[in-house]
Amino acid sequence: MIQRAPSARPTLLFIHGLWMTGAEAFAFRRRMERDHGFDTTVFAYRTTQEPLDAVIDKLREHIDRQRSATLHIAAHSLGGLVALNFLARHHATTPPGRLVLLGSPVNGSAAARRLGGFEFGRRLIGPVATEVLLAAWRRDGRAGNDPSRDELPRDTGVIAGTRPMGLGRWIAGFDEPNDGTVAVAETELDGARDRLVLPVSHLGMLMSPRVAAACGHFFREGRFPLGA
């Protein structure tokens, strides 16, 4: 069997969020390819059907198929928790690169907790969200706080939104800045290299040229641009 040589261009892997497929990131991926020189790929998983361990195993297989020398990751919402749990287990054998979390509730999701309080709600959000969105992420890949590790597996940037457009705000009953699904405070991650708060909604951040430009800068420089 002929093996494909690693691409000379850096690869950007996009991991989608709950109830999504990756198609919603079309504009984001196009900007990253056209304006920032990435090859892009989407990791698609069944957000409401597969347990976290199965998703992580499939992500490992997907990354292995890319044969990329450099692999950056942009992960939206629940996808950010998938990325963090994956890297907690496999960062040593994953190609080097940086990670940007887009509206990922690393401190737990109030909306998910409200839904998860009912059996129907737990079925609605599925096993991955039930496992990782009901409490804060731990750096050993489990829910809760773990002060034993001070560093993230790779340079990580966090982008949060403040345009409250989305059904999640009614479910969670936010009385604080939020993007319509996730509160800004829910995205705060200790150890992140940089953090950016923009006037975008939870889904709208994937259509935003400012978000795409900020991601491209972070992947190149390890920091978001000043004045972004």
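The values are calculated or read from the model by the stated rules, or taken from the named source; none is laboratory data. In this text, all values refer to a predicted model and were calculated from it rather than measured experimentally. Please note: Cβ atoms are built from the backbone with ideal geometry, for glycine as well, and neighbour counts cover all protein chains shown. These accessible areas exclude ligands, DNA and RNA; they are computed on the full protein's heavy atoms, side chains included. Shrake-Rupley method; radii C 1.70, N 1.55, O 1.52, S 1.80 Å.
For the chain, the solvent-accessible area works out to 47 Å² per residue, with a probe of 1.4 Å and every protein chain left in place. Annotation: residue 189 carries an accessible surface of approximately 30 Å², with a 1.4 Å probe and no ligand, DNA or RNA atoms counted. With everything on Cα atoms, drop me the angle between helix 26-36 and the longest principal axis of the chain, reported from 0 to 90° to the nearest 10. Taking the Cα atoms of the chain, the angle to 26-36 is about 40 degrees.
Computed extension gain for residue 175 through residue 61, at 0.36 nm per residue and net of the alpha carbon distance, reaches 36.9 nm.
Candidate values (1) 18.3; (2) 18.9; (3) 17.5 were compared with Kirkwood radius over Cα pairs in Å computed on the shown model; the agreeing label is (3). Across segment 1-93, Cα-Cα pairs farther apart than 18 Å form 45% of the total.
Stretched out fully, how many nm does the piece from residue 119 to residue 197 gain, at 0.36 nm a residue minus the Cα gap? Can you show the working numbers first?
Numbers: separation 78, 0.36 × 78 = 28.08 nm, distance 3.40 nm.
Fully extending the segment from residue 119 to residue 197 adds 24.7 nm.
Only protein heavy atoms count here; under a 1.4 Å probe, residue 190 has an accessible surface of about 120 Å².
So for 137, 170, what's the accessible-area order with a 1.4 Å probe, most first? Please report the intermediate quantities before stating the final value.
Numbers: 137 25, 170 180 Å².
Greatest to least solvent exposure: 170, 137.
When a 1.4 Å probe is rolled over the protein heavy atoms, the share of accessible surface on the chain that falls to carbon and sulfur comes to 53 percent.
For the chain, the longest principal axis of the Cα atoms and the long axis of helix 209-221 meet at an angle of about 50 degrees.
Measuring from a point 7 Å past the Cα of residue 8 along Cα-to-C-beta, which residues in segment 25-63 have an amide N at less than 16 Å? Flagged as within label range: 37-39. With a Förster radius of 22 Å applied to the C-beta separation of residue 226 and residue 35, the computed FRET efficiency comes to 0.75.
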